[in-house]
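What follows is a short report on a single structure.
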Amino acid sequence: MKNLLFFACLLLPLGMHAQQEEQRINDLLSKMTLEEKIGQMNQLSYDRSGDLDAGIRSGQIGSLLNIVDPAEVNRLQAIAVKESRLGIPLIIGRDVIHGFKTIFPIPIGQAAAFNPGIVEEGAAIAAAEARSMGVHWTFAPMLDISRDPRWGRLAEGLGEDPYLASVLGSAMVRGFQGKNLSDNTSIAACIKHFVAYGAAEGGRDYNSTNIPPYLMRNVYLPPFKAAVEAGAATLMTSFNDNDGIPASGNTFLLRNVLRDEWKFDGFVVSDWASITEMIAHGFCADPKEAAMKATNAGVDMEMVSRSYIRNLPALIKEGKVSVQTVDEAVRNILRIKFRLGLFDHPYVDVAKPSVLYAEAHLKAAQKAAEESVVLLKNTGVLPLNNTVKTIALIGPMADAPHDQLGTWVFDGEKARTITPLAALQQQYGQQVKINYEKGVAYSRDNNTSGIAAAVKAAQSADVVVAVVGEEAILSGEAHSLAAWELKGAQKQLIAELKKTGKPLVIIVIAGRPLAIQHELDAADAMLYSFHPGTMGGPALAGILFGKVAPSGKLPMTFPKEMGQIPMYYNHNNTGRPFRGNETMIDDIPLEAAQTSLGNSSYYLDAGAAPLFPFGFGLSYSTFDYTNLRLDKTTLKQGETLTATVTLKNTGSYEATEVAQLYIRDLVGSIARPVKELKGFKRVALKAGESAEVSFTLHTDDLAFYGIDMKEVAEPGAFKLWIGGDSNTKLETGFTLE
Ligand code: BGC
């Protein structure tokens with residue numbers, strides 16, 4: 001009872017605060033004309049023509065994006081606050097996706113670190129830098145699950161797994177928004193793109209998706225739900241139509257799921273012109289119908305396409321959109337403006353010392369880059385030791401300051417980027433000679449004339465470090481690829497370097513999983529770095545020389561062949577699962593009988609195993625998992641279970657391992673995946689050191705949307721694994737009663 005009273009007292013001020021907030025919103029709303037309300041729902045992109053001033057003054061514009069000049073932000077804000085009738089401040093948005101000035105690894109790279117801590121810190125740093133320049137709101141995190149390396153935007157996402165994306169996406173929301181949205185180091189997050197955008201058919205951007213209800217609930221929606229629970233202030237609808245309904249017109253998802261079920265109280269913004277694009281989709285006849293469908297579906301703010309401002313007055317007059325619906329949208333928008341403290345502190349403090357590129361920010365970006373690098377192969381050449389006197393540093397990505405920043409970098413600067421070449425020269429130039437040759441000028445370059453010089457440099461070196469991959473422009477929005485091998489003459493470059501017989505270290509810097517089988521065969525060691533950002537050079541140099549042992553794990557399955565796509569670890573089993581010992585194409589006898597190969601689900605020419613499974617990543621050290629045990633083997637609803645494993649660093653380097661826990665629900669009311677990630681921990685161990693690593697699972701963690709479309713943990717038998725990747729074999733089991 002005492003406890004109850006205590007909690008009631010704690011909740012009281014919170015409840016009061018929310019009440020006061022709603023009171024303030026309603027007071028303001030009651031003074032607004034219909035035109036002013038619709039103005040709040042209108043977001044435009046900044047341009048310098050000066051035409052915006054009048055629109056802001058008359059209350060026709062509620063938000064701007066793409067303005068990062070603090071003096072200009074203050075000038076426009078002053079028009080909103082002092083010259084518009086009700087003085088409602090603008091909310092300024094910007095795509096701050098993986099850093100503002102200090103650029104962190106692209107999100108898929110951050111995901112490879114399996115570390116919510118660095119994701120949160122990176123977002124907090126981005127927020128502090130951005131808000132210092134007058135940005136109040138970012139369009140991140142992108143929570144689109146993607147299982148298709150062709151899709152260029154997977155670079156902006158957190159991988160193929162709903163649990164990983166939920167944990168990291170929530171961390172990113174917390175990082176951007178801080179303790180209090182009104183702090184001058186916080187910005188509002190925008191979870192996007194709602195929803196299923198990452199499942200674009202064929203991996204071609206903007207393409208239709210066809211995600212059925214169970215899959216939607218169990219794979220595509222969970223990261224959004226988790227981020228709403230983490231307090232995300234805003235949400236963006238996606239470009240795709242799912243099963244025929246464009247996301248900006250999807251009433252069921254925006255009202256029933258987001259508002260009614262999840263109790264989201266922030267505001268919903270469309271994607272860039274995604275409302276009027278419903279005309280091209282064939283879902284609306286004209287901008288007026290698009291405005292009607294989007295408003296009624298629950299899109300509160302329209303990004304740039306002006307169908308609301310032009311058509312809502314008439315739609316309301318005609319009774320096709322209700323004043324209530326508009327009020328609701330405006331309430332949602334004002335709520336976030338109040339929470340951001342914009343009514344009390346509308347201006348950027350231009351006198352404040354700059355936090356851009358602060359020392360601590362660069363350090364954190366370097367740490368994030370270090371943790372995001374995945375070691376895929378090592379025959380022992382890494383880390384480089386002191387017998388190495390000359391390095392041939394080759395390749396188009398070794399000194400590509402623009403490209404290593406990756407996609408969605410509007411504000412980062414290549415002049416502040418430290419490349420592998422610069423870092424190696426600065427940090428190791430005294431102890432080793434670095435002979436740098438591009439070989440191939442840029443990743444798509446077909447010109448082979450530079451390869452001879454690269455080979456020459458390789459011949460006189462102790463080790464060759466080839467840095468290949470993809471320019472930034474080859475991933476990101478609208479940058480899908482149908483072929484995903486190394487582009488240009490890079491394959492030839494690697495083949496020629498291999499012929500020198502020198503130890504060959506390949507570093508791939510890319511925006512997506514690439515086809516790397518050939519390069520892997522050629523390499524003595526391979527490091528995979530998703531575009532690593534401003535401090536990618538020092539991070540990679542430190543890893544090459546063993547200052548840091550790699551600890552990244554793949555946040556996506558790496559298929560062997562494009563034709564295996566979609567390929568993801570948490571698939572269903574099928575009725576005729578792949579066994580792994582099937583006859584492959586080269587072993588099929590001539591005129592073999594039709595049924596002689598058996599009947600299992602695989603490709604004759606590629607099997608059904610990936611090149612690397614989800615969660616895979618080596619270290620300079622080795623790790624042993626033993627003694628997997630549970631504190632109980634039967635579990636009742638509402639209980640928790642603790643799984644513990646002994647993890648030993650059996651190698652000779654101090655290193656960090658990402659221990660991963662997977663489960664399988666053996667029988668469900670709908671078929672369940674063969675494995676599902678349910679926990680992970682980064683564990684740092686000295687050489688020879690052991691630790692007991694424990695994970696606690698609540699029965700809620702076993703829940704999924706089953707046949708009744710309710711989220712429940714269904715009774716029955718479960719398998720449980722702990723190990724270093726999704727292919728781990730260390731297994732036990734338990735039963736849920
Ligand atoms: C993208 C969004 C982005 C918006 C604003 C759109 O093209 O899909 O992710 O936030 O532009 O720049």
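With label points built 7 Å along Cα→Cβ from the Cα atoms of residue 286 and residue 674, find their separation and express it in nm.
For the pair residue 286/residue 674, the computed spacing is 5.5 nm.
Using helices alone, I'd like the mean residue ellipticity at 222 nm for the chain: each DSSP H run of four-plus residues gives -39500 (n - 2.57), total over residue count, nearest 500.
Details: 18 runs with 198 residues, N = 737.
When only DSSP H runs of four or more count, the value is -8000 deg cm²/dmol.
In nm, what is the difference between 0.36 nm times the number of residues separating residue 57 and residue 45 and their Cα-Cα distance? Walk me through the numbers on the way to the answer.
Working: separation 12, 0.36 × 12 = 4.32 nm, distance 1.63 nm.
Stretched out fully, the residue 57 to residue 45 stretch lengthens by 2.7 nm.
With the Cα gyration tensor of the range 264-361 in hand, give its eigenvalues times 5 under a square root as the equivalent ellipsoid semi-axes, listed largest first in whole angstrom.
Working: eigenvalues 230, 61, 24 Å².
Equivalent-ellipsoid dimensions as semi-axes: 34, 17, 11 Å.
How do the peptides 341-353, 262-274 rank, highest first, by the average count of neighbouring beta carbon atoms within 10 Å per residue? Numbers along the way, then the final one.
On the way: 341-353: 14.1, 262-274: 21.9.
Top of the packing list down: 262-274, 341-353.
What is the calculated FRET efficiency for residue 344 to residue 30, with r their C-beta to C-beta distance and R₀ = 25 Å, to the nearest 0.05?
It comes out at approximately 0.80.
Per residue and in Å³, how big is the convex hull formed by the alpha-carbon atoms of the range 339-431?
Details: hull volume 16.5 nm³, N = 93.
That works out to 177 Å³ per residue.
Once the Cα atoms of helix 323-339 and of the chain are each reduced to a long axis, what angle between those two axes, in degrees from 0 to 90 to the nearest 10, is obtained?
Compared with the principal axis, the helix lies near 60 degrees.
According to the Cα gyration tensor, what semi-axes, each the square root of 5 times an eigenvalue, does the equivalent ellipsoid of the range 604-666 have, listed from largest to smallest in whole Å? Please report the intermediate quantities before stating the final value.
Numbers: eigenvalues 151, 100, 16 Å².
So the three semi-axes of the range 604-666 are 27, 22, 9 Å.
Using the Karplus curve 6.51 cos²θ - 1.76 cosθ + 1.60 with θ = phi - 60°, work out ³J(HN,Hα) for each residue of the range 367-374 in order, rounded to whole Hz, and write x for Gly and Pro.
Result, ordered by residue: 4, 4, 5, 4, 6, 8, 7, 10 Hz.
Of 200, 137, 212, whose Cα points farthest to the positive end of the dipole of the range 37-339 (charges on the beta-carbon: +1 Lys, Arg; -1 Asp, Glu; origin at the Cα centre)?
Checked the options; the winner is 137.
Taking the inverse of the average 1/r across all pairs of different Cα atoms in the range 363-544, what Kirkwood radius in Å do you get?
Values: mean 1/r = 0.0626 Å⁻¹.
After inverting the mean inverse Cα-Cα distance, the result is 16.0 Å.
All other residues with a Cβ under 10 Å from the Cβ of residue 570 taken together, and with Lys, Arg as +1 and Asp, Glu as -1, what is their net charge? List each step's numbers first, then the result.
Values: positive: 147, 664, 672, 675; negative: 160, 161, 676.
Within the 10 Å Cβ shell, the charges total +1.
Roughly how many debye, to the nearest 20, is the charge dipole of the chain about its Cα centre, given +1 on each Lys and Arg Cβ, -1 on each Asp and Glu Cβ, and no other charges?
On the way: 70 positive and 81 negative charges, 187 e Å.
Here the size comes out at about 900 debye.
Could you give the length gained by full extension between residue 495 and residue 310, i.e. 0.36 nm per residue of separation minus their alpha carbon distance, to one decimal place? Numbers along the way, then the final one.
On the way: separation 185, 0.36 × 185 = 66.60 nm, distance 5.95 nm.
Gain in length upon complete extension: 60.7 nm.
Can you tell me which lysines have their Cα less than 27 Å from the Cα of residue 317? Leave out same-chain residues fewer than eight positions away.
31, 37, 288, 293
Can you give me the orientation-averaged projected area of the convex hull built on the Cα atoms of the range 582-737, in nm²?
Working: hull surface 48.3 nm².
About 12.1 nm², averaged over all directions.
Using the C-alpha atoms of the range 37-339, what convex hull volume per residue, in cubic angstrom, is computed? Walk me through the numbers on the way to the answer.
On the way: hull volume 36.0 nm³, N = 303.
With only Cα atoms used, the range 37-339 gives 119 Å³ per residue.
Which of the aspartates and glutamates could a cross-linker bridge to residue 225, judged by Cα under 17 Å and excluding same-chain residues fewer than eight apart?
Cα-Cα hits under 17 Å: 144, 160, 161, 260, 261, 265, 700, 701, 711.
If one takes the longest principal axis of the Cα atoms in the chain, at what angle in degrees, from 0 to 90 and to the nearest 10, does the Cα axis of helix 287-297 lie?
For 287-297 against the chain, the angle is about 80 degrees.
Cα centroid distance between the range 17-52 and the range 356-370, in Å?
For the range 17-52 versus the range 356-370, the Cα centre distance is 37 Å.
Loop-only check: which GluC sites (Glu not before Pro) in the range 576-647 are DSSP coil with at most 10 other Cβ within 10 angstrom? Walk me through the numbers before you get to the answer.
Details: sites: 582, 591, 639; in loops: 582, 591, 639.
Passing sites in the range 576-647 are 591.
Grab the other residues whose beta carbon is less than 13 angstrom from that of residue 447, score K and R as +1, D and E as -1, and report the net. All intermediate terms of the calculation are to be shown ahead of the outcome.
Working: positive: 438, 444, 487; negative: 445.
Spelling it out: positives minus negatives among the neighbours equals +2.
Report relative contact order for the range 363-544 in percent, whole number only (criteria: Cα-Cα under 8 Å, sequence separation at least 6). Each step should come with its number before you reach the end.
Numbers: 411 pairs, mean separation 65.3, N = 182.
Computed value for the range 363-544: 36 percent relative contact order.
Report the Stokes-Einstein translational diffusion coefficient (µm² s⁻¹, integer) for the range 504-555, Rh taken as the Kirkwood radius over Cα pairs, at 4 °C with viscosity 1.567 mPa s.
On the way: Rh = 11.8 Å.
Answer, rounded: 110 µm²/s.
Holding the Cα-Cα limit at 19 Å, pick out from 648/678; 179/337; 499/553; 263/678; 636/675 the pairs that are longer than that.
Working: 648/678 21 Å; 179/337 16 Å; 499/553 30 Å; 263/678 25 Å; 636/675 22 Å.
Checking Cα-Cα distances, 648/678; 499/553; 263/678; 636/675 exceed 19 Å.
If the cut-off is a Cα-Cα distance under 16 Å, which aspartates and glutamates reach residue 438, setting aside same-chain residues fewer than 8 apart in sequence?
Output for residue 438: 399, 403, 470, 471, 496.
Measuring from the lowest to the highest alpha carbon on each principal axis, how far does the range 539-602 reach, largest first, in angstroms?
For the range 539-602, the Cα spread along each principal axis is 57, 28, 19 Å.
At a threshold of 8 angstrom on Cα-Cα distance, excluding pairs fewer than six apart, so keeping six or more, what relative contact order does the chain reach in percent? Present the calculation step by step, with values, prior to reporting the outcome.
Values: 1802 pairs, mean separation 93.2, N = 737.
Relative contact order here is 13 percent.
Round to the nearest 10 and give me the degree value, 0 to 90, for the angle of helix 116-131's Cα axis relative to the longest principal axis of the chain.
50 degrees
Summing Lys, Arg as +1 and Asp, Glu as -1, what charge do residues with Cβ under 12 Å from the Cβ of residue 624 carry, residue 624 excluded?
Values: positive: 648; negative: 657, 689.
Once all neighbours under 12 Å are counted, the net charge is -1.
How do 27-40, 542-555 rank on mean C-beta neighbours within 10 Å, highest first?
Details: 27-40: 17.5, 542-555: 24.6.
Final packing ranking: 542-555, 27-40.
Can you list, bin by bin at 20 Å, the percent of alpha carbon pairs in the chain, starting at 0?
Taking every Cα pair in the chain, the percentages come to 17, 47, 31, 5, 0.
Report the FRET efficiency, 1/(1 + (r/R0)^6), for residue 214 and residue 83, where r is their Cβ-Cβ distance and R0 is 45 Å, rounded to 0.05.
Working: r = 53 Å, r/R0 = 1.17.
With R0 = 45 Å, the Cβ-Cβ based efficiency is 0.30.
None of the figures in this text is laboratory data; all of them are computed from the coordinates on show. Quick caveat: nothing in here was measured; it's all calculated off a predicted structure. Positions of Cβ are backbone-derived with ideal geometry, glycine not excepted, and every protein chain shown enters the neighbour counts.
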